[in-house]
Amino acid sequence: MLTKRYYNVILAIIILIIPIVFYMIISTMLSIKNETNGIETCISSVTGKNLCSQINQLKVTIYIDMIVMIFCLALRNFIVKK
């Protein structure tokens, strides 16, 4: 059980993760544009990482974060101590 204050802080952090990860996706897309030879190749010539798989992992992170946020909002009465 959490107090209302801790619950609100955790929920705010969960909500703030979404725009941060979205920014990371945009940054990775720019890296694909600038660090690869073409759009069909996803391997960075600078770091050697597969940038397409990194974008997919970041998308999954957003989906998981949204699911956790929905569960936190739906189960608020069970999580917050009265």
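The values are calculated or read from the model by the stated rules, or taken from the named source; none is laboratory data. What you see is a predicted model, and the numbers here were worked out from it, not measured in a lab. Neighbour counts are summed over all protein chains in view; Cβ atoms, including those assigned to glycine, are modelled from backbone coordinates with ideal geometry. When the accessible area is computed, the model is the full protein with side chains, heavy atoms only, and any ligands, DNA or RNA have been set aside. Shrake-Rupley method; radii C 1.70, N 1.55, O 1.52, S 1.80 Å.
Details
- Exactly one residue among 11, 75 is under 19 Å from the mean Cα position of the chain (by Cα) and modelled with pLDDT of 90 or more, and that residue is 11.
- Helices (runs of 4 or more DSSP H) contained entirely in the chain, each with at least 2 residues that are open to solvent by 70 Å² or more (accessible area, probe 1.4 Å) and in contact (Cβ under 8 Å) with a residue 24 or more places away in the chain: 4-35, 51-74
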